[in-house]
Each structure stands twice: as C-alpha cells, then as structure tokens.
1. Can you name every one of the helices (runs of 4 or more DSSP H) wholly within the range A:162-244 that holds 2 or more residues which are under 30 Å from B:Leu375 (Cα atoms) and away from every other protein chain (no Cβ under 14 Å)?
2. Within the range A:197-221, how many residues turn out to be among the aliphatic types (A, V, I, L, M) and in contact with a helix residue (DSSP H, G or I) (Cβ under 7 Å, 6 or more places away or on another chain)?
3. So A:Tyr125 clears everything in (1) more than 11 Å from chain B (Cβ to nearest Cβ); (2) hydroxyl-bearing (Ser, Thr, Tyr); (3) under 18 Å from the mean Cα position of the chain (by Cα) except one condition, right? Which one?
4. Could you check the range A:1-120 for helices (runs of 4 or more DSSP H) lying wholly inside it with 1 or more residues that are open to solvent by 50 Å² or more (accessible area, probe 1.4 Å) and within 30 Å of A:Ser148 (Cβ to Cβ)?
5. Is it true that B:Thr416 is more than 20 Å from the chain's Cα centre (by Cα), assigned by TED's automatic domain parsing to the domain that holds B:Leu246 and among the hydroxyl-bearing types (Ser, Thr, Tyr)?
6. Out of all the residues in the range B:129-138, is one or more within 14 Å of chain A (Cβ to nearest Cβ), surrounded by fewer than 24 Cβ atoms within 10 Å (Cβ to Cβ) and at pLDDT 95 or above?
7. If you check B:Phe376, B:Phe421, which single one turns out to be at pLDDT below 95, closer than 20 Å to A:Asn109 by Cβ and within 12 Å of chain A (Cβ to nearest Cβ)?
Number of protein chains: 2
Amino acid sequence: MNEIPYKVYLSENEIPTAWYNLRSAMVNKPAPLLNPGTHQPMKAEELAPVFCDDLIAQELDNDTEYFPIPEEVLSFYKMYRPSPFVRAYFLEKALDTPAHIYYKFEGNNTSGSHKLNSAIAQAYYAKKQGLKGVTTETGAGQWGTALSMACSYFGLDCKVYMVKVSYEQKPFRREVMRVYGADVTPSPSMSTNIGRKILEEFPGTTGSLGCAISEAVEVAVSTPGYRYVLGSVLNQVLLHQSVIGLEAEAALKKLGVTPDIIIGCAGGGSNLGGLIAPFMRDKIRGKLDCRIVAVEPMSCPSFTRGTYAYDFCDTGMVCPLAKMYTLGSSFIPAPNHAGGLRYHGMSSVLSQLYDDGLMEAVAVPQTEVFKAAELFARVEGTLPAPESSHAIKVAIDEALKCKETGEAKNIVFGLTGTGYFDLVAYEKFHNGTMDDYRPTDEDLAVSLAKLPKID
Amino acid sequence: MNEIPYKVYLSENEIPTAWYNLRSAMVNKPAPLLNPGTHQPMKAEELAPVFCDDLIAQELDNDTEYFPIPEEVLSFYKMYRPSPFVRAYFLEKALDTPAHIYYKFEGNNTSGSHKLNSAIAQAYYAKKQGLKGVTTETGAGQWGTALSMACSYFGLDCKVYMVKVSYEQKPFRREVMRVYGADVTPSPSMSTNIGRKILEEFPGTTGSLGCAISEAVEVAVSTPGYRYVLGSVLNQVLLHQSVIGLEAEAALKKLGVTPDIIIGCAGGGSNLGGLIAPFMRDKIRGKLDCRIVAVEPMSCPSFTRGTYAYDFCDTGMVCPLAKMYTLGSSFIPAPNHAGGLRYHGMSSVLSQLYDDGLMEAVAVPQTEVFKAAELFARVEGTLPAPESSHAIKVAIDEALKCKETGEAKNIVFGLTGTGYFDLVAYEKFHNGTMDDYRPTDEDLAVSLAKLPKID
C-alpha cells in the first residue's frame, strides 16, 4: 500500500473561494497595456468598449491579493472541481526514477482543458453587466468549447471566430460548440472589415489566432450589447486560472510535499500562470526554493528566442499594445499540432517574471513531445493534449536526470487537457509524417523588425 | 450550501476488493451456454480453446458470491477509480423536479466508458495464463479502446476486428487504439474464413458485431497463444462490472440515500448488470423496494420485442448458444448512433431477471435520446455517449413524472461514457437528418423464424 494515494481529491469545500492575484506579490509589476495610438497606459474607460467592466478592473489591478469567486461561478466549478491531483506512480515505474512525479489534471471536463476556469468567470461578468453576448477567437478549439459551455450556462450568445485551418480539420470541435449553442465562423471571414481585408491580401490563407482575434474584437465593438473575451495572455485570465495553483498547493500541503520543480506548457501563459501563482509568490518571498519551468514548442519559441518588447496582440493591430516576450505579431507560426501554443507573444506577467530570472524556459521539438505523450498515455492511462505533452516531455527529462543523480526530487507538472480532438496529430506521429520545424534566425529577424516603436 | 455534495468521491481504499457475482443471489439461475452441435451445456474444457481458463471458471460459476480482484487489477483501477458518483443538481434545477437524481459516471478514463473495468480483468487473466495475446471485436470502438489500454498495460498483443462502418466513420477511435499499440482490422476482412465467406456472399457489407465476433473467435482458436475476449453479454463481464454497482452502493450508503429507481442502458447488458448487481441482490432478498429499468433503442429492442430463447451469439454461428432475449442472430440492426446497443441479444443473467419480473424494460427513439443528451450536456457539463443517453432520457422522464406527482424519488442512473467520438451523430441530430427507425413486425418475424431449434 502506497502512503500517498494515486489521486488526491480535495473535497468540494476545499475549492478556493477567491482567486489569487500573483501580480500583488511581484516586485517588478508587469508593464501596463498601452493605447496603440497614444502609447499611453490604457485607462479603464478606453478598454470599456472591448471588455466587460468587472474584468477590466481585474485586468488593471496589480495590488489586490485576492478576488472573491462569485457564488454562481463557484457553483459551476463544482461540476468538475476540485480537479484531480495525481501521483504518477505508473510513469515513475516506467522511467525507473527515484523522482516523485505529480500532475494537476485539468482535462476532466467536456471542454477538455483548464480553459473552462476562466470562461465561466468571464461569462459570469458579462451576464452581470447585462450583456447579450460575447465574441472570441479559438485556435485548437479548447477555448471556444469552454466559452460555449459557459455561455450556455448563463444564457449568453457566443460568437466564436475559429482559425480556418482548425475549423476545417476539427469538425468535431465545432460540433461540440454547437451542442452548447455557439455560433462558429471560420476566420478570416467575409463578416468583418479586417477579415475581408486579409482575404483580399492573402486569398488562400488558412487563418491565424492573431487574425481571428482582430475579427472577434471588431464584431464586439461594433455590435450593441457585446463584448470581447480572451482565453489567455491577459492578467485577468491568469487570475482566474489561479484556482489550478491554489488547489495544487492545497493537495501538496495535505500530502506534506514540497515541490522542487514545477513545469507547465506555455502558449499565451494562462495555464502556467495559474499553476505557479501561489508557488511563485512563495519563491518571490524567499519561502520556497523551487525551479519553475515554462515549456514551449521549438516552432513558436516566444521565451527562448523572442524579444521582451511592446507588441501588438493581434494581426489587425486593433488591440492594445502589451509588453511581452514576442516573436513579432507578424510571425506566422508553423502549423504544428499544439494549436494552443501557437501564439507569437506571452503573458506580460510571465514575461516580467522570466525577465526577472524567476522562471526558466525550454523549447522542445514536436516529435519528442509526441513520444512523451504516447508513453504517458500507455502508462498513466490518459491520452494527453499535445499542448500538455510539452510539460510531460520536460517532466520526463527531469525525472531521468534524477535517475542519473539518484535524487528523489518532487516534480509537479500541469496536465492541462486531453487529446481526444487531436488524433489527426497522433496519426501523423504514427505515420512518421510529423516534422520538427523551427523558424530560422532570418524568419525571426523579419517579424521582430516590425515591432512597433515605443519611446 | 447543499447537504449532499455535487460529487461523491470514495477514497482509494474504498474501491471494492472483490467482484460481486449476482448469479449467486438469483433463485432462477441463468440458463447455461450450450454446445451448438450437441445442444448440451458447455463444459470448461470445451470453452478452453476460445476463452482464458480463469475466465471460464468465472463464467460457469453461479454460486460463488465474491471473486477477489487481483492486486494488479486493483492497482490499475486506481488510475481512474473510484469513479465519480454525482448528484445531478443542475439537471434537477433545469427540470424543476422534486426528484433527486444521481448518476454513476464511468466515462472518466481515456477509453471513455465502463468497458475498461472488464478489459483490464480479462487482460490480466490472459497474461496470467502466459498467453501471447487476445482477439476481440469492437463496434462503436469503446471496448476495443479499453482492451487496447489493458493489453498495453500487461504487454499483450491485441487484435481488434472493428465493424467496417465504424472503422471508416470513426478513424479517431482507431487511432486511439494505435496509441495503445493494438492491431485494428476492418470486419469483415479477407484474413479469416468467415470474413471471406461473408464478403463473397455480401460484397458491399459494412459489417456487423455478430460478424466481427465470428472473425475474432476464428483467429483466436487458430492462432497458438491467443484467446478471444468479449466486452459484454457474458456472465464474467457482468461480474467484473459489478465494481460500478458496488461503488454506487457505497456512495449511496455514505449519503444515507435509498434508491427508488435504478436506470441503465442495455445493449449486451454489461453496464446494467454491473450497476444493478448489489441492488438486485437486495431486491431479490426483499430488502430493497426499488424499480430497475433497462433502456434499449427502439431500433434494436431485444427485451421489449424479442423472444426468450436459445440463440447464436454471432453471425457465423461458431459461438456457443446462449439463452437470452433475442431478435435473432440474423437480425440486422439499423445503423443507429448508439453502436454499443446494436446487438441482437441480451445477457443471459439480465434475460432471466427480466423474465422473472424483477426488471422492467423500455425502448426509446433515437431523436428523443439526443434531445436528452444535449440537455444533459448543457446543464451537467458532460457530453454523454449516445448509449448512456438512453438512460438519461428515461431518468428525465421519471423525474418529470415526479414533478407531476410531487414525489421526491431517488433516481439513480448509469452514465456509462462520453460522446467525444460520437460527434458525427450529434451533427446529424443538429442537422435534422437523424431518423427514428424501428423494425417492422415482419422484419422481426423473419429473423426470429431462424432461431435454432433446441429440444
């Protein structure tokens, strides 16, 4: 009998009742969003046509430590939270490592990922404001699915601009969104000015996240009773995702375990920012000696090969400027199979923490990620999302290092979701037709040269 | 704060350590399997070329109350068990019913259904016997996926004959099986005598479960070191699935709740037989006053329109004869979207209980099932499998009856799995192209006329 169980389920009354705002613990605060015209920090009233009022307040507040989770959101959380915290005994055995591996599993809901944590919060504030609906973009489809579920729950309209290549390759994701009543449009589309402009310029384009964001924002600001919501990157999203880290912290405390390494995949940064929130706080305050590692795809390496600078969040350049590690908003990510990690920039919060040396980052090639994913599926049972598998890959690497040194380190990683809608990617992996594309220095120089000039 | 939580998770040491054999409580035992040639009860040695030895012992044993769950199987169960037992507060609210609705959710594993409970047991006994591998058939793909996972865990070869129409319509199911290293062949195939014969006779056939069973059995008996395993119908499978009912019983006890109605979908009967095991025992013994309801599709209504008689389990007529409610082994089920319920017969255990008046049965039309499924997805969050949605449909009907009468009945149903691989069906439902086919009396008369004559 193992002393530590395979799964630690907290009870429902151990679901956090407040989100933790990591910014409140940061010595160097994340840089503010800038108005793309004036280059001055965006004020709440400037953001109001795009975002919901309460979410703007959360976005701009670097000081408040805790935001209470509204009762309606807490009630929804009880559908699928607390999420499982798992000791990866089977993986440890397969690797023959002295390391102790744990993962926080956020895929135990129909959206298949952690995205639901913020979707339900954002839908709640939209409803509270008396809005008719929200618009958004989705790439891999996880965020769109999560938002559809959340809007269905609160009776809000949900207009999703789905990157065209995903719309065509992932009809099932689209169909799940329809189950929840969402209106899904392939992007770029003829329904917006920016969509028509992009289609005119690049008639054969299969779309990008940056372009879908531009379309969703345009529709939100031009349709009465609508606002735009975003599934990652923003401070508010990291705030909501802190439930991941708070539950992980509670589970580790219950087990009496102190983490040595915390690992998460990083696209826009929402999962990682949420997972590490309480641990990074303790690290900043000198109370926890722990490595924190962001894992990104070699094909879209914002941290490891990007520049820390102000940049546009979208292709259409209609959004505020954010200071972040970026590859340039004109960078066209390779069509890799972790759609959730194909974003040119990175959360301002995580960018600042990385710049301050409080976090590490590593970029990994795609086929190695799928090797790790398949091993994980076979021994731990759960078929992981390609995004999550980036964290698995590095957790395995760290566990194998422990095998060499004989150290019994405590490794914690975020298993953000399941791969049930990513089987085209697994098929390519099995057929040996998966590539390990990485951008050349010249590719990056071109897109980085187009960064906006800020005084 | 609700007194009863949304989810009851038992702890890992509350996973049952023995399977419960419902046959031991039955006054009228299920009829024995017959040798198709001699019409005499099958002996263990006659079954040995087809099935694993320990599984045959379980199959033939009507008396032993409990079979201990082997340590290796228990360890695997800890990957995903205890499975959630959920109070459907959101559904109750949506229906505005005084009824209390509970469901046991078996979809929280990558196979997406309860099938894994028996797959891992069967793979264990095959490994224990020193076999090289196993063969099986799969329709919807849930059983094939579950068996692939189980075989991967024990390092066994796994040859899956997948009904051709599913193989072609569900490439993702096939791909999941490949993740777990299974060898998947569309059935009928040219790799077996029976497959070649069927293809010669019906060149355009898209296959059937009965045909795939015949192929898998042929390969098992003709390949040294292989045996055949089956995911439903058999006594041994119901035995393994009793973990569902035992955990549900433990959860209800913990809550102090006595069920008034227990509802499960019924194809071959494995889920229903497992779910009801301890409750049916108590009902037989007069200790529980509870309705037990089997739900089947109108397109394949074994209980409600079939005959209780000996019949072949497979199209090729190579398997033993089983006494069951059957539509006739030549009955060709309509291509409905609950592949797991498209079987012409029903477990001998359940057939006997139904014949003894201990169970009810109801047949429901397909579009009503999908309406219930979509409502459930929207309010309870989880996208249900079409099979499971049959039980949801009747649970909703019963809850609405309670609304009329004002009764606060305790309704428990089995949510056997998730619908992530069934989105073609949901798409048809959304597009309004789903039909409610039911066989005519003439259709049934034709297939029932072909039942074997037993003295």
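The values are calculated or read from the model by the stated rules, or taken from the named source; none is laboratory data. Everything numeric in this text was worked out from a predicted model, so none of it was measured. Cβ atoms come from the backbone with ideal geometry, glycine included; neighbour counts cover every protein chain shown. Accessible surface is based on the protein model in full, side chains and every heavy atom, while ligands, DNA and RNA are left aside. Shrake-Rupley method; radii C 1.70, N 1.55, O 1.52, S 1.80 Å.
1. Working: elements: A:164-169, A:171-179, A:193-201, A:209-222.
In the range A:162-244, A:164-169, A:209-222 are the helices (runs of 4 or more DSSP H) which contain 2 or more residues that are under 30 Å from B:Leu375 (Cα atoms) and away from every other protein chain (no Cβ under 14 Å).
2. Step one: list which residues in the range A:197-221 are among the aliphatic types (A, V, I, L, M), which gives A:198-199, A:209, A:212-213, A:216-217, A:219-221.
If we keep only those that are in contact with a helix residue (DSSP H, G or I) (Cβ under 7 Å, 6 or more places away or on another chain) as well, we get A:198.
Total meeting the criteria: 1.
3. Checking A:Tyr125 against (1) more than 11 Å from chain B (Cβ to nearest Cβ); (2) hydroxyl-bearing (Ser, Thr, Tyr); (3) under 18 Å from the mean Cα position of the chain (by Cα), the one that fails is (3).
4. On the way: elements: A:44-47, A:53-60, A:71-77, A:89-95.
Per the criteria, A:44-47, A:53-60, A:71-77.
5. no
6. The initial filter retains those residues of the range B:129-138 that are within 14 Å of chain A (Cβ to nearest Cβ), namely none.
No, the range B:129-138 contains no residue that is within 14 Å of chain A (Cβ to nearest Cβ), surrounded by fewer than 24 Cβ atoms within 10 Å (Cβ to Cβ) and at pLDDT 95 or above.
7. Values: B:Phe376 fails: at pLDDT below 95.
Answer to the selection: B:Phe421.
Yes or no, residue by residue, for (1) outside the structural domain of A:Phe85 (by TED's automatic domain parsing); (2) touching a strand residue (DSSP E or B) at 6+ places or on another chain (Cβ under 6 Å); (3) within 27 Å of A:Ala146 (Cβ to Cβ):
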{"residue": "A:Lys287", "(1), (2), (3)": "no, no, no"}
{"residue": "A:Ile292", "(1), (2), (3)": "no, yes, yes"}
{"residue": "A:Arg305", "(1), (2), (3)": "no, no, no"}
{"residue": "A:Tyr308", "(1), (2), (3)": "no, yes, no"}
{"residue": "A:Asp314", "(1), (2), (3)": "no, no, yes"}
{"residue": "A:Tyr325", "(1), (2), (3)": "no, yes, yes"}
{"residue": "A:Tyr343", "(1), (2), (3)": "no, no, yes"}
{"residue": "A:Ala363", "(1), (2), (3)": "no, yes, yes"}
